[in-house]
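Structure first, commentary second.
The values are calculated or read from the model by the stated rules, or taken from the named source; none is laboratory data. Being a predicted model, the structure only gives us computed values, none of them experimental. Every residue, glycine as well, gets a Cβ built from its backbone with ideal geometry; the counts of neighbours run over all protein chains shown.
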Amino acid sequence: MSETPDIKKGLVGVYADESSISKVMPETNSLTYRGYAVQDLCENASFDETAYLLWNGELPSQAQLAAFQAEEKANRALSPALLRVLREFPRDAHPMDAIRTAVSFMGMEDPETADISDAAQRRKAMRLLAKIPAAVAASNRLSKGLEPIAPDASLSFGANFFHMVFGKVPQPEVLKAFDVSMILYAEHTFNASTFTARTICSTMADMHGAITGAIAALKGPLHGGANEAVMHMLKEIPSPDVAEAWLRERFDHKALVMGFGHRVYKTGDSRVPTMKKYAEIMAEVVGDKRWMNTSAVLARVMLAEKKIHPNLDFPAGPAYYLMGFDIPLFTPIFVCSRITGWAAHVLEQAADNRLIRPLSFYTGLEQRPVVPLAQRG
Ligand code: COA
């Protein structure tokens, strides 16, 4: 019998590779993308600039940004074939399943699917960045019996998304809050979906395959699905003044409180203060403080009783709700942003690839002979 090796369940504390894309510093609650603090990017740059930064290592010049935005705008339209496929999806399909399937379909019709050269992978990443919001918006409208709205190349990335979902563009404060959420969701080191994308890429599979797998991983409530779960939870609580009692009852049942806790940050998620600030701006704009007031009670009691801090999904959930999005759309919106981080990791993995293939320590039965079916009765 061999000795049990030191198994890191959930790969806790394991460094699986090097990366120069982002850095989480739990000791100071900070997160940088290519050396820039996310808060700094939120206040002094846009999501487009952040996407460029993640893929190219540096912030763009004005000319580089203009070219990047022009390419994104030129690639937004969905093919007639994909639009037909979206119409066939079950009305009650979860939007994450819809976008996962749509991205997989995009892979089948992309002219460069099989070309995994760096240049082709970058072009495919751009097409995904441009088309994913259109597919998310179209499937959301179709699920409600509404016609999809074609993208508008005269609008910015965020404004175009609101246009495709609602048929109108909101006021600048809302667009800014949305843009900030996109920057904060863009990248976060070796989380489960990113590691999935890198694992798929490590087999020399293509960009669309890696992103399809990443979307499947992101759907789970322990990962991206938490922003939806947070809003369902907030809606379950009738008012802020009963929030503490509601939470204490949850403690009695040892139930998870969604939007709290993090594998890496144990003393606070660096992205929370910025997202909370913009969720509060949303509450002001809409004139509805209920969700943020309830959130404040939950955060206070969780910290006092459990020493557990909120994660990004906690303020992002109510922010998206206040923007008017349907709750099942929250995680697909996360996809619209995280495609940037996933693609950056696919490019990085491919540039210095080694097949990702860990070991498992076998705990099953010892080797035994097969008893032929006739003798098994
Ligand atoms: N609600 C209640 N208790 C929680 C909690 C939460 N959200 N998050 C962690 N805990 C508790 C655990 O039950 C555990 O308690 P125990 O030691 O008595 O068993 C302790 O805190 C340590 O948590 P652990 O599960 O070891 O942390 P992890 O690193 O494995 O898990 C998460 C991290 C994110 C999966 C976990 O915190 C969680 O499930 N959070 C809710 C879902 C969520 O918001 N996900 C989004 C992540 S960005």
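Structure values in brief
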| read-out | value |
| --- | --- |
| Checking Val12 against (1) in contact with a helix residue (DSSP H, G or I) (Cβ under 6 Å, 6 or more places away or on another chain); (2) at pLDDT below 95; (3) not acidic (Asp, Glu), the condition it does not meet | (1) |
| Helices (runs of 4 or more DSSP H) lying entirely in region 212-302 (those with 2 or more residues that are within 9 Å of the ligand (Cβ to nearest atom) and out of contact with any Asp or Glu (no Cβ under 6 Å at 6 or more places or on another chain)) | 243-252 |
| Residue that is within 25 Å of Gln349 (Cα to Cα) and modelled with pLDDT of 95 or more, where the choices are Ala67, Ala102 | Ala102 |
| Residue count, region 111-125 (criterion: surrounded by 18 or more Cβ atoms within 10 Å (Cβ to Cβ) and either closer than 21 Å to Pro332 by Cα or small (Gly, Ala, Ser) (or both)) | 2 |
| Qualifying position, being within 26 Å of Ala350 (Cα to Cα) and among the charged types (D, E, K, R), among Asp118, Asp97 | Asp118 |
| Any hit, region 121-134, residues being within 16 Å of the ligand (Cβ to nearest atom) and assigned to a helix (DSSP H, G or I) | no |
| Matching option when the condition is without any contact (Cβ under 8 Å) to a residue 40 or more places away in the chain and either within 16 Å of Phe314 (Cβ to Cβ) or surrounded by 12 or more Cβ atoms within 10 Å (Cβ to Cβ) (or both), among Glu280, Glu244, Glu249 | Glu280 |
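So that you can scan it fast, the table gives a plain yes or no per residue for (1) over 22 Å from the mean Cα position of the chain (by Cα); (2) more than 16 Å from the ligand (Cβ to nearest atom):
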site: Glu3; (1), (2): yes, yes
site: Ser20; (1), (2): no, yes
site: Lys23; (1), (2): no, yes
site: Leu31; (1), (2): no, no
site: Arg34; (1), (2): no, yes
site: Val38; (1), (2): no, no
